[in-house]
Amino acid sequence: MEQSFNTRAMIFTIYGDYIRHYGNVIWIGSLIRLLEAFGHNEQSVRAAVSRMSRQGWIQAERIGNKSYYALTERGKARMEEASRRIYKSEAEEWDGKWRILVYTIPEEKRHVRDELRKELTWSGFGLLANSCWITPNPLEKQVHTLIDQYEIATHVSFFTAVHEGMQSSQDLVRQCWDLTEVNDRYAQFVETYSQKYIHDKSRVQRNDLSDEQCFVKCALLVHQYRKFLFVDPSLPHELLPEEWLGDSAATLFNDYYQLLAERATRFFETVFSQAEIPNTVQFSD
């Protein structure tokens, strides 16, 4: 059995990589069976989905004696954004502009301010100065979604600008993001998973891995690679340092994923089909 990871985080991974491609809905029994493969028990799965439901990521509906869980619109949007960044082929060409978000959220809404900081970091913004965040990426849609979600339009100013100096764009990047640390993490990922890839490629060729083992390995691979969404701002190539390892890590990830994906999906479908989703299940936000 593979090392067990946080139950809630693994559920996010499985929703993002599998369930969202199958109507976004799953029976809790199937979810419990899938998580058992990682060493999670029924109690931890039920506690995790309950927490995710309270946080607005998923929603439940009960039909007879069975409970079904589906992504909310917020959950769908997060999964789509995460998938776009995880499986992107290459960075888009930079338009040379910076997006700047400045907020003055009052102290009585400190919890909103804290949540906004987390969301901005996840989206790839960097902190230039107190309450001033920047990104070279066209994240206008994400910004407006956050403003609407937290109802902070009166506390936020958002600009698109050209950097006139006095630093270089690379200096600006170094001020806002620690890309050396991110690159070190990519180096560790490449070192660890290149060895795993060679080993598992040989096992696949010998037909020495079951579908369930491929599912676990594939999901854990995505789970580990997904962590870069929280630290890598996905900057355009023009702004990246020399000897950037993000592209090498992405190539390794894609090759490893393709090695396991067919058998992993087959196991998921076997578990998922054990409880057909009734047509009467209807979710609405």
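The values are calculated or read from the model by the stated rules, or taken from the named source; none is laboratory data. Since the structure is predicted, the reported quantities are computational estimates derived from the model, not experimental observations. A quick note on method: Cβ atoms are made from the backbone with ideal geometry, for glycine too, and the neighbour counts reach across all protein chains shown.
Looking only at residues in the stretch 203-223 that are β-branched (Val, Ile, Thr) and within 20 Å of the chain's Cα centre (by Cα), which one is nearest to Glu191 (Cα to Cα)?
Only one residue fits best here, namely Val222.
Could you list, in sequence order, the residues of the stretch 106-131 that are in contact (Cβ under 8 Å) with a residue 12 or more places away in the chain and surrounded by fewer than 18 Cβ atoms within 10 Å (Cβ to Cβ)? Explain how you work it out, then say what you get.
If we filter the stretch 106-131 for residues that are in contact (Cβ under 8 Å) with a residue 12 or more places away in the chain, which is where we start, we get 106, 109, 112, 115-116, 119-128, 131.
Pro106, Lys109, Val112, Glu115, Glu119, Thr121, Trp122, Leu127, Leu128, Ser131, listed by residue number.
Is the stretch 23-34 home to any residue that is within 29 Å of Thr270 (Cβ to Cβ), among the aromatic types (Phe, Trp, Tyr) and either without any contact (Cβ under 8 Å) to a residue 24 or more places away in the chain or surrounded by 18 or more Cβ atoms within 10 Å (Cβ to Cβ) (or both)?
There is at least one residue in the stretch 23-34 that is within 29 Å of Thr270 (Cβ to Cβ), among the aromatic types (Phe, Trp, Tyr) and either without any contact (Cβ under 8 Å) to a residue 24 or more places away in the chain or surrounded by 18 or more Cβ atoms within 10 Å (Cβ to Cβ) (or both).
For the stretch 238-285, which positions are modelled with pLDDT of 90 or more, more than 21 Å from Tyr18 (Cβ to Cβ) and of a type in the set (S, T, N, Q)?
Once the filter is applied, which keeps residues that are modelled with pLDDT of 90 or more, more than 21 Å from Tyr18 (Cβ to Cβ) and of a type in the set (S, T, N, Q), the stretch 238-285 yields Ser248, Thr251.
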